[in-house]
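Right, one structure below, let's go through it.
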Amino acid sequence: MSVLRLVDRESITVPPQTTAKAAIQLMLDRRVGSVVVVEERKVLGIFTERDVLRKLALSGRDPAQIPVSELMTAPVKTVDPKADPTDALATMLEHHFRHLPVVDDRGRLRGVLSIRNLLQEMMEKYRHQLHTLEQYVISEEPGATKARG
């Protein structure tokens with residue numbers, strides 16, 4: 001299974017000249033923790049809540065006057081659309097990321113993978129495995145009737 005199946009349906013993007021204020025407002029309106037900074041569909045960086053806290057909040061600078069290109073994380077770590085979700089999760093945990101852009105071989109954004117989506121997928125996988133194991137144990141208990149085929 002590829003990570004492309006797990007990306008957020010609508011990736012929020014902004015051009016590099018977008019002000020920090022506009023990007024923050026967009027993040028609040030869309031209830032997301034990041035926006036991907038793109039130019040001609042190519043990923044230049046990512047602007048996250050963490051960037052707001054670390055680079056802007058106490059700087060005294062006016063967010064209406066600063067382009068996100070000055071505050072974004074760049075270069076941004078990305079993942080290939082064919083990547084395995086487990087590998088993507090390992091990357092996210094290793095680098096303390098909550099969002100990981102999925103980028104094709106030409107550098108074009110295909111979607112944004114969130115740690116929330118990955119964890120939900122893993123929970124479903126483990127629930128299914130647990131259910132399968134429970135059914136196996138029940139069928140192997142003494143006195144259990146086995147299905148005849």
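Read-outs: derived from the displayed coordinates by stated rules, not from any lab. None of the values given here were measured: they were computed from a predicted structure. Please note: Cβ atoms are built from the backbone with ideal geometry, for glycine as well, and neighbour counts cover all protein chains shown.
A few comments on the model shown:
- Put simply, the chain fits an ellipsoid with semi-axes of 42, 16, 12 Å; these come from the alpha carbon gyration tensor as the roots of five times its eigenvalues, largest first.
- Excluding same-chain neighbours fewer than eight residues apart, the aspartates and glutamates reachable from Lys55 by a Cα-Cα span under 14 Å are Glu70.
- Relative protection proxy for 20-29, 94-103, from highest mean packing down: 94-103, 20-29 (other beta-carbon atoms within 10 angstrom).
- Taking θ as phi - 60° and the Karplus parameters 6.51, -1.76 and 1.60, the scalar couplings of segment 108-120 work out to 8, 5, 10, x, 10, 8, 10, 5, 4, 5, 5, 5, 4 Hz in sequence order, x denoting glycine and proline.
- Estimated FRET transfer efficiency when R0 is 22 angstrom, pair Glu40-Ser2 (beta carbons, to 0.05): 0.35
- When shorter helices are ignored and each DSSP H run of at least 4 residues is given -39500 (n - 2.57), the per-residue value for the chain at 222 nm works out to -11000 deg cm²/dmol.
- Förster-model FRET efficiency, 25 Å R0, Gln17 and Thr91, C-beta, rounded to 0.05: 0.30
- Pairwise label distance in nanometres, Glu49 with Met122, each label 7 Å out on the Cα-Cβ vector: 1.9 nm
- Angle in degrees between helix 85-95 and the longest Cα principal axis of the chain, rounded to the nearest 10: 50 degrees
- Residues with amide H under 5 Å from that of Glu39, placed H, sequence gap 5 or more: Leu44
- Relative contact order [Cα under 8 Å, 6+ residues apart], the chain, whole percent: 27 percent
- Taking 0.36 nm per residue of separation and subtracting the Cα-Cα distance, full extension of the segment from Arg30 to Lys77 would add 14.6 nm.
- FRET efficiency for Asp105 and Glu10, using Cβ-Cβ distance with R0 set to 30 Å, rounded to 0.05: 0.85
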